[in-house]
Structure formats: structure tokens, C-alpha cells
1. Under 5 Å between amide hydrogens, which residues at least 5 positions from Val19 or on another chain qualify, with H placed 1.01 Å from N in the peptide plane?
2. Work out from phi, with θ = phi - 60° and the Karplus expression 6.51 cos²θ - 1.76 cosθ + 1.60, the ³J(HN,Hα) of each residue of the range 78-90, listed in order in whole Hz, and give x for Gly and Pro.
3. What residues have an amide H closer than 5 Å to that of Val144, excluding those fewer than 5 places away on the same chain, when H is modeled at 1.01 Å from N in the peptide plane?
4. When ligands, DNA and RNA are left out and all protein chains stay put, how many square angstrom of accessible area per residue does the chain have with a 1.4 Å probe?
5. Specify the residue with the greatest mean-square fluctuation among Gln16, Gln76, Gln97, computed from a Gaussian network of the chain linking alpha-carbon atoms under 10 Å apart.
6. Using helices alone, I'd like the mean residue ellipticity at 222 nm for the chain: each DSSP H run of four-plus residues gives -39500 (n - 2.57), total over residue count, nearest 500.
7. I'd like the Karplus ³J(HN,Hα) series for the range 13-29: coefficients 6.51, -1.76, 1.60, θ = phi - 60°, whole numbers in Hz, and an x wherever there's a Gly or Pro.
8. Return the loop-located trypsin sites (Lys or Arg not before Pro) in the range 21-129 (DSSP other than H, G, I, E, B) with at most 16 other Cβ atoms within 10 Å of their own Cβ; answer none if there are none.
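The values are calculated or read from the model by the stated rules, or taken from the named source; none is laboratory data. None of these values were measured; they are calculated from a predicted model. Here the Cβ positions follow ideal geometry from the backbone for every residue, glycine too, while neighbour counts run over all protein chains shown. These area figures cover heavy atoms from the full protein model, side chains too; ligands, DNA and RNA do not enter into them. Shrake-Rupley method; radii C 1.70, N 1.55, O 1.52, S 1.80 Å.
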Amino acid sequence: EEIMNDPAAPVAGDAQGDVTIVAFLDYNCPFCKKSAPGFARLVRSDPHVRLVYKDWPILTPASVDGAKLALAAKYQGRYDAVHAALMALKGRSDAAQMRAAVEKAGVDMARLDADLSAHADDIAALIKRNDAEAKSLGLEGTPVYLVGPYKVAAAIDYDEFKRVVENTRARQKGQEPAQ
């Protein structure tokens, strides 16, 4: 319940969606980036999916910088734009490359810096909670997508995301999931 409904976690899609996807991601994870287009397509194409982002920066120190930038952008309603910009970066990125991508995404950088400072403790606490949640679930790396009763710890494409969502809906209706 806490994982799916942390009021500080960024949420996208349908707030009342019938399927919730909790996504544990790192902005320097090549597998997260590989699955990002299919994941974004699913959220755009399925109006009943609720998405909960769990920034889990575990790969590099710059991953922490990226998570902080994205979470600070949430205060100006720009989390989705920053998330997309950071996921679009090729390979591993350093803090300066991430900051440049955020600026290019049209974020008000003065406000972002102010929010980074004003909300530093809240952002750090959320990242720490995400880490504790991931560890409590036994997660070992990114990406991990929790879709109803399913745990998908792999870079999957649109069709695979769609299949997992359909299987979740089938289970919710007491039907046998498709293979």
C-alpha cells in the first residue's frame, strides 16, 4: 500500500486507473532506457493505467543527481518532461549532461534550483524510502516494474508491457491470464 500510494512519489496516467504500474528506475540504467519508449507508449495508449515512478538511483553518483533533478521538477509540474529527457540520454550521463538535458526540456532552471534547495530534505527522504522499498521487495537492479501481481525485472517492449497489463486485468476479473 505504501509503495503504491506514497503521496510524494510522482504519478502519471489515470489517477483512478484499474491497473497500477510501479516503476523502479535509474537514469543511468541502459535497460531502463531501452524499455522507456515502450513504457511511455503504453501509458499514452492505455487510458486506464496508473503509473507510480520510483526513482531508485543505484548505479552511479550521477544517478542520484538525475533523480534529484526529476523529483525537484515535480514541484513545477515538469516531472514527466524531465523523466523523458533523462531517459532519452544515450549511455551513462554525468551530472552536467543531465542538467543540460533538463534545461533543454524547457524546465525553469532558476525555479528548479530553488526547489532543489527548498525541498532537499523531502527529495532525499523519498529517494531513501524508494531504496528501502526496493530492498524490502528483494529487488536487485533496475528496471523493475510491478504490475498488479507481476514483477517484471527486465527491459521489455510495448507488446510485453501490454500483455502484462492484459494479464493483470484478466486476473482481476477472475479469468485465466493469456500466455
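1. Close amide H contacts, sequence-distant or interchain: Arg50.
2. 10, 4, 4, 5, 5, 4, 4, 5, 6, 5, 7, 5, 7
3. Counting only residues 5 or more places away or on other chains, the set is Phe24.
4. Working: 9050 Å² over 179 residues.
In whole numbers, the chain has 51 Å² accessible per residue.
5. Gln16
6. Values: 7 runs with 91 residues, N = 179.
For the chain, the value works out to -16000 deg cm²/dmol.
7. In residue order, the calculated couplings are x, 8, 4, 10, x, 7, 10, 9, 10, 9, 10, 8, 9, 10, 6, 10, 8 Hz.
8. In loop regions of the range 21-129 (DSSP not H, G, I, E or B), the sparsely surrounded trypsin sites (Lys or Arg not before Pro) are Lys90, Arg92.
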